[in-house]
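Chemist: Below you'll find the structure I mean.
The values are calculated or read from the model by the stated rules, or taken from the named source; none is laboratory data. Nothing here was measured: the structure is a model prediction, and the numbers come from that model. Glycine also receives a Cβ, built like all others from the backbone with ideal geometry; neighbour counts cover every protein chain displayed. With ligands, DNA and RNA removed, areas are computed over all heavy atoms of the protein, side chains included. Shrake-Rupley method; radii C 1.70, N 1.55, O 1.52, S 1.80 Å.
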Amino acid sequence: QAVDDARTTTRLLADTVIEPALSSGLLDTEASDLDKFDRIVRSRVPNVDAQLRHQLVEFVHSLRQLDLKKSPAISETIDWARSLLLLHAGQLDEELVRSTLNVLLKFEDDIEAANAELRALLQGARPG
């Protein structure tokens, strides 16, 4: 019980204090902001392949441009990167993204909106 309480407290702290501080500079479309996002993901999930990390950062950046109830923040992006790592993903593809969007997006309407734009979103997140 104590461990669960500590996890809950840590998550609440991250969501209310740390998260806004980290993501506040990530809403702009400048390359430097993508670099910041990439550095945060790299520091929190260092075992993700650089190509996949680039793809997922670009994908999330594009996803955040959609009109969503709750855009994915850095915490969801880190969770997604960890999930992709556990799935031994080498690169993003339509099937993989569709099956893991619920890690990034919390509302069914947002998942549906992302699925509707998925091909275009993936085009902007080509391996590079």
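Chemist: For segment 27-87, just the Cα atoms, rotate onto the principal axes and tell me the three extents in Å, largest first.
Modeler: The Cα atoms of segment 27-87 stretch 30, 24, 16 Å along the principal axes, largest first.
Chemist: Tally Lys and Arg at +1 and Asp and Glu at -1 over the other residues with C-beta under 10 Å from the C-beta of Asp38: what net charge comes out?
Modeler: Net local charge, Asp38 excluded: +1.
Chemist: Ordering Lys69, Lys36, Lys106 by accessible area with a probe of 1.4 Å, largest first, what comes out?
Modeler: Lys69, Lys106, Lys36
Chemist: Once you wrap a convex hull around the alpha carbon atoms of segment 77-128, what is its projected area averaged over all directions, in nm²?
Modeler: Mean projected area of the Cα convex hull: 3.6 nm².
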